[in-house]
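Engineer: Have a look at the structure that comes next, please.
The values are calculated or read from the model by the stated rules, or taken from the named source; none is laboratory data. In this text, all values refer to a predicted model and were calculated from it rather than measured experimentally. Methodologically, a virtual Cβ is constructed for each residue, glycine included, from the backbone with ideal geometry; neighbour enumeration extends over all protein chains shown.
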Amino acid sequence: MSTADREAILVNQQAILARFGELALRSDDLDEILTEACRLVAEALQTDMAKVMELQKDRVTLVVRAGVGWPPGVVGEARARAERGSSEGYALQTGKPAISPDIANEKRFRYSQFIVDAGVKALINVVILGGKDRPAYGVLQVDSRKPRDFSDVDTEFLRSYANLLAAAVERLRIAAETRKHATSLRESEERYRMLATQIPQLVFTCTSTGERTWDSPQWTEYSGLPEKNSRGLGWLDAIHPEDRDATMAAWTSSEAQGEYAVAHRIRRADGAYRWFQTHARPVRPEGRTVTWLGTSTDIEDQARIREALERSGEELERRVYERTAELQQALDTLHVEARERSRAEERLRHSEKLKAIGQLTGGIAHDFNNMLQAIMSCLGLIRVRMQQGRPSDVVTLVERAEKGAVRAATLTHRLLAFARQQTLEPRLVSLDAIAHDMEDMIRRVVGASINVELKLGDGVWLVQCDPNQMESALGNLCVNARDAMPDGGWLTISTSEVILNEAEVADFEDALPGRYCCIAVSDTGTGMSQKIMEHAFEPFFTTKPSGQGVGLGLSQIYGFVRQSGGIVQMQTAVGKGTTVRLYMPASVQREDVEEHSTGPGKTIMLVEDEEIVREVTAEQLREQGYRVLEADSGAAALRLLHAGARFDLLISDVALPGALNGRQVAESVRQRYSRMPVILVTGYAPGDTPSDMEVIRKPFSPEVLAARVRAKLEQSQAGVD
Ligand SMILES: Nc1ncnc2c1ncn2[C@@H]1O[C@H](COP(=O)(O)OP(=O)(O)OP(=O)(O)O)[C@@H](O)[C@H]1O
Ligand SMILES: [Mg+2]
C-alpha cells in the first residue's frame, strides 16, 4: 500500500471517527448509535459486515445487539460464547484485538455457527470497554466474506473507534440510569408529597426539642400561621395557652422515650380551638436521629363524645338520685295514705257495724214492743174485765195475749236461726221430697195469678238437715217470690245435684268442695237493685210496708243453711226476676240407708272431741279386743258413716263442737242403721240427754266402760234395744 493510499485511508478513517463522534454525542438512541457504528466501521474498513455483541450479566454470553450485512435472524438473536478458544473470549480476556485474516486456516479459535453460516472468512474483534470499574460492554466485530488482512492502521483505528463507542455507550447508560433514578425519585417525592398534603393530619418535622423545621400545608392552612411564623417554636402560638406547658413538657422526656405524645387544643385560623392528639417519632436513617416526624390528629369529636358521655353519666346519676328521692317520697305518701285509708275503712266498718246493730236492736225492740204492747193491753183488759166481773170476754183476751207471746217466741226463734244458734234437728232428707210435699201449700200461698212449676229430681240423693227449717226456708223464699210478682208471673222450684269446686266454695267459711244438693226458687218478679241485694240478707232489712215484712226471712234462711254446712247464692236482675239457690251438702244415696251392718267383727265408732280422752278411751277399748273408728266431731263421724264405715256400737260424747251434738250424731247413725246400739258419754247432768239412749257419765273407769260396752253389744245381739 502506497503512502498516499495509507494517507487516504487514514483521512477517511479520521473522517469516519469524527462523524461517529458527532453522532455519539448527539444521539440518545443506543440502537441508532450501535447500528450507525457498525455501518461506519464497515465503510472505514471497506467491508460490508460488522456487528456489536453485548456481553450479558453472566459475562460469557454475547448477544448480537446491532449489525450490518447480516442475514435476518442474527441481529437481536444470535448468540456467541466468550470462552477460551473463541476469538471474542480472547479479545475480552486480553483486551487486545483478535484478528483472524482467514478463519479457514485459523488454529487458535473456533467460531460460532451463525458466523460460519453467514460465509465469514475473516474477522477482527475489539473490546468495547465498560465505564469505570465496570465490566466490558461487549465486542465490536468487523467481518469479511473474503480472507483479508487487518493492518496496524486498521487495528489502531478500530481501537480508537471502539473507545469512542464505549464512551458513547457509557454516556447513554449513565443517562438512562440517571433518568431512572430521577423517575423513581420523582415518584417517591410525589408519594410523600401526596401523603403529607392529603392526609387529614397536620404533619411536621422538628428537632428533638420541638423546634419546627417543616410543616405540611394542612398545618399552615389550619392554623393560619404563615410558614415562617411556625418555624422554631413559633407554632406554640397556635397552642391553647392552658395547654402550652404540657405541650413543651412532653418534649423533655421524648428523647428518652423515643416518642412524643400530647393532647392539646390547637387554634384554627378562625380563632376556634379544637382538640388534637399530637404524636412524633424520631427518624433515624443511619442510626442517629436526624429529625422528628410528627402528626397532629383532630380528636375534637371524640373529645366531645367523651365529654358528653361523662356529662350524661353525671346527669343519669343525678336523675336516678332525684327519681329515687321522688319515689321514696311517693312511697312515704302512699304509706301515710294507706294508713289513713285503713283507718277510714276501720271507721267505716265500725260505723256500719254500729248501724247494723242499731238496725237489729231497733227491729227487735220495735217488734217486741208491739207484741208486748198487745200482751200488756190484753192483760190490762183482763184485769178490768175481772174487776167488772165480766169473765166471759177474758178467754178471747187470753187467747190474743197468747198469740202475741207465740209471735214473740217465733221472733226469737228466727233471730236465733239468723245467729245460727237455733237447735236443729237434722235428719237425712230428700229436698225433692220436701218440695214435692209442699207443692199444694205453696200454690195456696202464692195465689192463682202466679204459675208454679216444679222441676224436681228423683230424690236419690239425701241431705243432712232439719226438715222443718228447710220447709220454712222454702216457704219464705216462695213468699218473697210472690211479693216480687204483684201482677203475677212464674215461680219455679227446681232441684239438682252439683259438684262445687274449691273456688266455688271459697267465699263460704267452713264449706267444703264436693257434692251438693241444690234447691232453687226462681221468680219473674221485680228483681233487686244492687243496693237492695247487698242488704237483703241483713236481719230486719225489708223494703216491704210495715206489717207485711219483718226483714228476717233471708237472714233466717242464710243462718240455717250455713249452720247446716250449706251455701246460699242469689242471682237477681231488676225487672227480670230473682233466683235464690240453697246448696246443701249431699250426704248419701238412699239405697245405702237401707243396708245393715252384718260384719262378724266387733267394731266401735268412738266420737269424742277431746283428744286425750278419745285416745285413752280408744286404747282401753282396743285392749278389750275391739276395733275402734275414731272421730273428733259429729261431722267427722258422719263422714265416716257416709264413706260406708261399718261398726257395731256407737259411743259418742254429747257435747261436740260444730253443728252436731252427740245425740244428733246418734240419730243420724240410726237413720242409716236403725238398730244401732248407742252409748252417750256426758260430763253434765243427765237431763240434757234423751231417755231413749244409754248414757255413761264422765269420769268412768276402764272396768265400767268394758262392762257397759259388753252388756250393750250382748243386748243388741239378743235383739233387745
Ligand atoms: N224474690 C225477691 N224479689 C225481689 N226482692 C226480694 C226477693 N226476696 C227478697 N227481696 C228483697 O229482700 C228484702 C229482704 O227479704 P226478707 O225475706 O229477708 O225480708 P222480707 O221478705 O222483707 O220480710 P220477712 O221475710 O221477714 O217477712 C225484701 O224486703 C225485698 O226487698
Ligand atoms: Mg221474706
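Engineer: Taking region 142-160, which residues are aliphatic (A, V, I, L, M), crowded, with 22+ Cβ neighbours inside 10 Å and part of a helix (DSSP H, G or I)?
Structural biologist: L158
Engineer: Take region 1-41 and flag every residue that is in contact with a Ser or Thr (Cβ under 7 Å, 6 or more places away or on another chain) and β-branched (V, I, T).
Structural biologist: I33, the sole residue that qualifies.
Engineer: Now for a different question. Can you list residue pairs whose Cβ atoms sit under 8 Å apart, with the first residue in region 565-578 being in the same structural domain as C518 (by TED's automatic domain parsing) and the second being within 16 Å of ligand 2 (Cβ to nearest atom) and among the acidic types (D, E)? Count only pairs 6 or more apart in sequence or on different chains.
Structural biologist: Filtered contacts from region 565-578: G577/D523; T578/D523.
Engineer: Still on this structure, please answer the following. For D301, state whether it is under 30 Å from L202 (Cα atoms), surrounded by 10 or more Cβ atoms within 10 Å (Cβ to Cβ) and of a type in the set (D, E, K, R).
Structural biologist: So D301 passes the test.
Engineer: Of the residues W292, W275, which single one is surrounded by 10 or more Cβ atoms within 10 Å (Cβ to Cβ) and more than 48 Å from the chain's Cα centre (by Cα)?
Structural biologist: Sole residue among the options that is surrounded by 10 or more Cβ atoms within 10 Å (Cβ to Cβ) and more than 48 Å from the chain's Cα centre (by Cα): W292.
Engineer: Could you say which residue among A666, A631 is under 60 Å from the mean Cα position of the chain (by Cα), under 19 Å from Q464 (Cβ atoms) and among the hydrophobic types (A, V, I, L, M, F, W, C)?
Structural biologist: A631 is the lone residue from the list that is under 60 Å from the mean Cα position of the chain (by Cα), under 19 Å from Q464 (Cβ atoms) and among the hydrophobic types (A, V, I, L, M, F, W, C).
Engineer: Determine which member of the set R65, R59, R84 is over 17 Å from T155 (Cα atoms) and touching an Asp or Glu at 6+ places or on another chain (Cβ under 8 Å).
Structural biologist: Just a single option satisfies the conditions, and that option is R65.
Engineer: Pairs only if they're at least six apart or on different chains, beta carbon under 8 angstrom, first in region 529-548 and under 21 Å from R420 (Cβ atoms), second among the aliphatic types (A, V, I, L, M) and more than 10 Å from ligand 1 (Cβ to nearest atom); list them, first residue then second.
Structural biologist: These pairs meet every condition: F537/V568; E538/A356; P539/L360; P539/L415; F540/L360; F540/I364.
Engineer: Further question on the same structure: Are any residues in region 70-88 surrounded by fewer than 21 Cβ atoms within 10 Å (Cβ to Cβ) and more than 23 Å from D48 (Cα to Cα), and if so, which ones?
Structural biologist: The answer is R81, E83, R84, G85.
Engineer: Considering only helices (runs of 4 or more DSSP H) fully contained in region 1-111, which possess at least 3 residues that are more than 28 Å from A175 (Cα to Cα)?
Structural biologist: Those helices (runs of 4 or more DSSP H) span 3-26, 87-94.
Engineer: Any residue that is under 30 Å from Q359 (Cα atoms), in a helix (DSSP H, G or I) and in contact with a helix residue (DSSP H, G or I) (Cβ under 8 Å, 6 or more places away or on another chain) - is there at least one of those in region 437-450?
Structural biologist: Yes, because at least one residue in region 437-450 is under 30 Å from Q359 (Cα atoms), in a helix (DSSP H, G or I) and in contact with a helix residue (DSSP H, G or I) (Cβ under 8 Å, 6 or more places away or on another chain).
Engineer: Out of the strands (runs of 3 or more DSSP E) lying entirely within region 173-280, which hold 1 or more residues that are under 21 Å from D298 (Cβ atoms) and polar (S, T, N, Q)?
Structural biologist: Strands (runs of 3 or more DSSP E) meeting the threshold: 202-206.
Engineer: Ok, one more. State whether one or more residues within region 524-535 are among the small types (G, A, S), in contact with a helix residue (DSSP H, G or I) (Cβ under 9 Å, 6 or more places away or on another chain) and surrounded by 14 or more Cβ atoms within 10 Å (Cβ to Cβ).
Structural biologist: Yes, region 524-535 contains at least one residue that is among the small types (G, A, S), in contact with a helix residue (DSSP H, G or I) (Cβ under 9 Å, 6 or more places away or on another chain) and surrounded by 14 or more Cβ atoms within 10 Å (Cβ to Cβ).
Engineer: Let me ask you something else. Restricting the search to region 17-55, which residues are among the β-branched types (V, I, T) and within 17 Å of S151 (Cα to Cα)?
Structural biologist: V41, T47
Engineer: Here's another thing I want to ask about it. What are the pairs, 6+ residues apart or on separate chains, where a residue within region 239-263 that is surrounded by 14 or more Cβ atoms within 10 Å (Cβ to Cβ) has its Cβ under 8 Å from a residue that is among the aliphatic types (A, V, I, L, M) and assigned to a loop (DSSP other than H, G, I, E, B)?
Structural biologist: A263/I299
Engineer: Could we say that A42 is in contact with an Asp or Glu (Cβ under 6 Å, 6 or more places away or on another chain), within 13 Å of G138 (Cα to Cα) and not β-branched (V, I, T) here?
Structural biologist: no
Engineer: Going by the conditions given, is L424 closer than 26 Å to N468 by Cβ and either assigned to a helix (DSSP H, G or I) or in contact with a helix residue (DSSP H, G or I) (Cβ under 7 Å, 6 or more places away or on another chain) (or both)?
Structural biologist: yes
Engineer: Additional query: May I ask you to say which residue of G575, G525 is farther than 30 Å from A655 by Cα, more than 16 Å from ligand 2 (Cβ to nearest atom) and at pLDDT 90 or above?
Structural biologist: G575
Engineer: Still on this structure, please answer the following. Would you point out which residue out of L431, L454, L424 is under 60 Å from the mean Cα position of the chain (by Cα) and over 16 Å from Y516 (Cα atoms)?
Structural biologist: The conditions single out L454.
Engineer: Look at L360 and say whether it is surrounded by 15 or more Cβ atoms within 10 Å (Cβ to Cβ) and of a type outside the set (F, W, Y).
Structural biologist: Considered against the rule, which asks whether it is surrounded by 15 or more Cβ atoms within 10 Å (Cβ to Cβ) and of a type outside the set (F, W, Y), L360 comes out as yes.
Engineer: In addition: State all residues of region 465-493 that are of a type outside the set (K, R), over 30 Å from V665 (Cα atoms) and within 11 Å of ligand 2 (Cβ to nearest atom); if no residue qualifies, say none.
Structural biologist: C478, V479, N480, A481, D483, A484
Engineer: May I pose another question? Can you name the residue in region 549-571 that is among the hydroxyl-bearing types (S, T, Y) and within 14 Å of ligand 2 (Cβ to nearest atom) and is also surrounded by the fewest Cβ atoms within 10 Å (Cβ to Cβ) among such residues?
Structural biologist: S555
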